[in-house]
1. Scan (1) within 14 Å of ligand 2 (Cβ to nearest atom); (2) surrounded by 14 or more Cβ atoms within 10 Å (Cβ to Cβ); (3) touching a residue at least 60 places away in the same chain (Cβ under 8 Å) for the single condition Lys61 breaks and write down its number.
2. Just checking, how many residues over segment 10-51 are closer than 16 Å to Leu194 by Cβ, part of a loop (DSSP other than H, G, I, E, B) and of a type outside the set (A, V, I, L, M)?
3. Starting from residues that are open to solvent by 10 Å² or more (accessible area, probe 1.4 Å) and in a helix (DSSP H, G or I), keep the ones in segment 81-101 and report whichever is farthest from Arg161 (Cα to Cα).
4. Check Ala6 against each of (1) among the small types (Gly, Ala, Ser); (2) in contact with a strand residue (DSSP E or B) (Cβ under 6 Å, 6 or more places away or on another chain); (3) open to solvent by 30 Å² or more (accessible area, probe 1.4 Å) and name the one condition it does not meet.
5. With segment 115-210 as the region, which helices (runs of 4 or more DSSP H) entirely inside it contain at least 3 residues that are within 16 Å of ligand 1 (Cβ to nearest atom) and more than 25 Å from Gln41 (Cβ to Cβ)?
6. If I filter segment 34-43 for residues that are touching a Lys or Arg at 6+ places or on another chain (Cβ under 7 Å) and touching a residue at least 60 places away in the same chain (Cβ under 8 Å), do I get at least one hit?
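The values are calculated or read from the model by the stated rules, or taken from the named source; none is laboratory data. Quick caveat, the model's predicted, so the values are computed rather than measured. Note: ideal-geometry Cβ built from the backbone for every residue, glycine included; neighbour counts use all protein chains shown. In case anyone asks, the SASA skips ligands and DNA or RNA and just uses the protein heavy atoms, side chains included. Shrake-Rupley method; radii C 1.70, N 1.55, O 1.52, S 1.80 Å.
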Amino acid sequence: MSVKKACRGALIVLEGCDRVGKTTQAKLLVESLKNNGKPAQLMNFPDRTTAIGKMLDQYLKQSQELDDHAVHLLFSANRWECVSSMEKLLQEGTTLVVDRYSDSGIAFSAAKGLPVSWCAASDSGLPRPDLVLFLTLGGTELSSRGGYGQERYEEDSFQQRVMRNYNELKRDYWNVVNADEKSVEQLHSELLPLVTSAVAAAEDKPLLTL
Ligand code: DGP
Ligand code: NA
Ligand code: NA
């Protein structure tokens with residue numbers, strides 16, 4: 001009897017502007033993968049539970065001011081502090097579905113005027129996503145989803161700059177999905193096959209780095 005080496009899990013990332021539905025879709029994807037017998041786990045950046053994450057939480061809630069460069073490096077450090085656990089889970093065969101990752105770091109920090117290359121540098125060496133699902137919404141649909149929350153960045157002109165930055169990033173492992181006028185279920189049924197094929201494709205491929 002031949003023993004098959006455990007296949008690695010895939011690193012799947014959801015990106016897009018605030019309120020596009022990433023968090024809901026990430027949860028549904030994890031559920032569906034598990035129901036299909038694929039080990040999967042939800043992750044979320046910023047991870048506000050760590051010491052660095054608590055600083056980011058205060059910054060986002062506008063109860064603390066920080067230099068833009070310093071904040072960028074904290075967001076990046078918040079990803080780096082999870083790398084060993086991410087790599088372990090992936091190598092054990094667990095697919096990670098991640099709500100925001102490195103491209104958020106670039107799109108948001110560059111929207112404050114920091115150079116894209118400077119923003120990318122601190123994430124260089126992080127595990128590279130097998131697939132980024134980039135969810136988009138038309139401007140009117142975005143505005144019609146009700147008011148933004150009270151957090152920093154949750155404001156139209158800033159989000160538009162974020163969107164422009166995202167559009168300039170487009171990687172070969174990105175898949176752009178228009179979420180306009182789609183129900184949660186419709187969008188999920190569009191995303192799931194993309195994720196399922198990425199999971200299958202990742203099995204025999206090494207995990208790369210950014
Ligand atoms: P979330 O909890 O996923 O809604 O993220 C909170 C906010 O932080 C959201 O407006 C996006 C922003 N954000 C996420 N990652 C980064 C990052 O690496 N750098 C910067 N500047 N902002 C980020
Ligand atoms: Na948010
Ligand atoms: Na997140």
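1. Every condition holds for Lys61 apart from (2).
2. The total comes to 3.
3. Checking each candidate, the answer is Glu92.
4. Of (1) among the small types (Gly, Ala, Ser); (2) in contact with a strand residue (DSSP E or B) (Cβ under 6 Å, 6 or more places away or on another chain); (3) open to solvent by 30 Å² or more (accessible area, probe 1.4 Å), only one is false for Ala6: (2).
5. Ranges flagged: 116-121, 156-169.
6. no
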